[in-house]
Amino acid sequence: MILQFFVLSQRGDNIVYRDYRGEAQKGSAETFFRKVKFWKEDAEGDAPPVFNIDGVNYFHVKVAGLLFVATTRVNVSPSLVLELLQRIARVIKDYLGVLNEDSFRKNFVLVYELLDEVIDFGYVQTTSTEDLKSYVFNEPIVIDAARMPPLGPASIFMQGTKRMPGTAITKSVVANEPGGRKRDEIFVDVIEKISVTFNSSGFILTSEIDGTIQMKSYLTGNPEIRLALNEDLSIGTSDYRGSGAVILDDCNFHESVHLDSFDVDRTLSLVPPEGEFPVMNYRMTQPFKPPFRINALIEETGPLKAEVTIKVRAEFNSSINANTVLVQMPLPSFTSRVTFELEPGAVGHTTDFKEANKRLEWGLKKVVGGSEHTLRAKLTFSQELHGTMLIIMFGLNVSKGIVLCNELMCLL
């Protein structure tokens with residue numbers, strides 16, 4: 001049972017607020033934002049997705065730079081509420097096309113109408129875009145997507161000119177094209193989050209892929225489509241280790257997917273609902289070649305100083321570019337100052353020392369396949385190391401989301 005739902009900007013502005021039961025205290029949005037902004041219990045400085053203040057449970061997710069928040073006083077499943085927030089964000093995006101503060105403010109009447117249909121007196125009714133079309137009749141005010149920044153995870157890799165324009169999937173599923181026509185289109189993305197652990201020599205210790213096949217449908221008439229996966233796809237353990245084999249540890253499918261012929265020819269048949277939805281989620285620990293290889297060398301240069309050398313090598317083909325790559329490295333809590341030295345001729349690189357949470361950040365605007373980039377950081381500490389520098393564990397994180405798996409899927 002949900003008491004309140006609200007959406008906050010990064011500044012804490014209350015963009016959308018709905019109190020479904022009138023049982024929570026006033027000012028809960030301000031209380032939530034103050035707690036999140038000045039969270040001190042976590043060493044990293046980030047508030048957890050669920051916490052309690054004065055008997056009120058706060059659940060929040062961050063989508064497109066906006067905070068989607070729900071509150072409740074009763075003991076409900078955190079996974080249920082967090083999934084609800086993600087689905088509400090997806091439904092609003094389906095209707096508005098673009099999810100940002102400007103689109104919310106220009107379509108606040110439509111957004112409130114959606115919220116009243118999704119949740120009634122604190123109880124969830126539906127989160128299906130297709131079902132909501134029977135009850136919601138307001139037309140969205142279209143936002144010019146040409147001014148939007150590049151897409152997130154799906155746009156990190158770009159090969160030549162084989163890329164749809166950025167406005168292709170920012171259309172509303174209910175708005176028509178100019179002239180009153182509606183173009184029948186469907187978009188499929190394979191989005192993967194890759195977690196890799198390297199040892200000090202750069203060799204892979206552990207590797208894992210969490211992926212999803214995401215679909216956004218603008219089709220009319222509810223036609224049935226078929227999605228063919230790799231015929232050598234196996235789920236669970238398998239003795240087949242051919243060059244084209246893809247072995248998934250586990251997977252799950254959207255409720256609209258029919259698996260009648262999946263075991264025979266690895267084909268999914270479905271009648272896609274309008275809007276954006278995950279066709280399939282999967283996890284894989286099969287050995288694979290990571291898109292980046294990272295080496296970090298740490299040397300003590302004095303009693304209060306050390307030097308870190310980070311090398312990032314792009315392991316993909318030279319015809320592919322990786323855009324907006326961010327390398328993060330946690331530093332010891334007693335780090336007081338960091339100076340950076342980039343390689344000669346480096347263009348589009350940014351460096352920063354986040355003193356609040358003691359983190360080094362290195363941004364690369366564009367990385368060409370096969371290239372190697374180096375960063376040197378000189379660290380100054382506020383206390384003596386006493387020979388412990390060699391046992392301090394540094395962790396590297398490369399983002400944004402990575403899209404691979406060209407061998408996994410093809411569309412019939």
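Annotation: amide H of residue 119 within the under-5 Å range of 125, sequence separation 5 or more or interchain, hydrogens built in the peptide plane. Along the stretch 197-212 the Karplus relation, 6.51 cos²θ - 1.76 cosθ + 1.60 evaluated at θ = phi - 60°, assigns HN-Hα couplings of 10, 9, 8, 5, 8, x, 8, 7, 9, 9, 8, 8, 10, 10, x, 8 Hz to successive residues, with x for each Gly and Pro. Computed from backbone phi with θ = phi - 60° and the Karplus coefficients 6.51, -1.76 and 1.60, the 3J(HN,Hα) list for the stretch 125-136 is 9, 6, 10, 8, 4, 5, 5, 5, 5, 7, 10, 10 Hz; x is used for glycine and proline.
Loop-located GluC sites (Glu not before Pro) in the stretch 202-305 (DSSP state not H, G, I, E or B) with no more than 13 neighbouring Cβ atoms inside 10 Å: 224, 231, 255. Positive contributions from Lys and Arg (+1) and negative ones from Asp and Glu (-1), summed over other residues with Cβ under 11 Å from the Cβ of residue 187, come out at -1.
For the stretch 4-133, the Kirkwood hydrodynamic radius from C-alpha pairs, put into Stokes-Einstein at 20 °C and a viscosity of 1.002 mPa s, yields a diffusion coefficient of 142 µm² per second. Between the amide H of residue 359 and those of 331, 354, distances stay under 5 Å, these residues lying 5 or more places away or on another chain, with hydrogens modeled in the peptide plane.
The amide H of residue 279, built 1.01 Å from its N in the peptide plane, has 213, 214, 215 as neighbours under 5 Å, considering only residues 5 or more places off or on other chains.
Quick one: check the C-alpha center-to-center distance for the stretch 21-86 versus the stretch 204-221, whole angstrom. Going from one Cα centre to the other spans 27 Å.
Heavy-atom accessible area with a 1.4 Å probe sorts 260, 189, 94, largest first, into 260, 189, 94.
Probe radius 1.4 Å, ligands and nucleic acids ignored: give me the carbon and sulfur share of the accessible area of the stretch 287-363 as a rounded percent. Each step should come with its number before you reach the end.
Values: 1960 of 3880 Å².
Roughly 50 percent of what the probe reaches on the stretch 287-363 is carbon or sulfur.
Would you work out the charge dipole size for the stretch 4-133 about its Cα centre, treating the Cβ of every Lys and Arg as +1 and the Cβ of every Asp and Glu as -1, and quote it to the nearest 20 debye? If you can, show how the numbers build up before the last one.
Numbers: 16 positive and 19 negative charges, 57 e Å.
Dipole about the Cα centre, nearest 20: 280 debye.
Here the stretch 4-133 has 49 percent of its accessible surface on carbon and sulfur atoms, given a 1.4 Å probe and all protein chains in place.
Entry comment: accessible area of the stretch 4-133 is 47 Å² per residue, from protein heavy atoms only and a probe of 1.4 Å.
The values are calculated or read from the model by the stated rules, or taken from the named source; none is laboratory data. Being a predicted model, the structure only gives us computed values, none of them experimental. So basically every Cβ, Gly included, is an ideal-geometry build from the backbone, and we count neighbours across all protein chains shown. Only protein heavy atoms, including side chains, enter the accessible area calculation; ligands, DNA and RNA are left aside. Shrake-Rupley method; radii C 1.70, N 1.55, O 1.52, S 1.80 Å.
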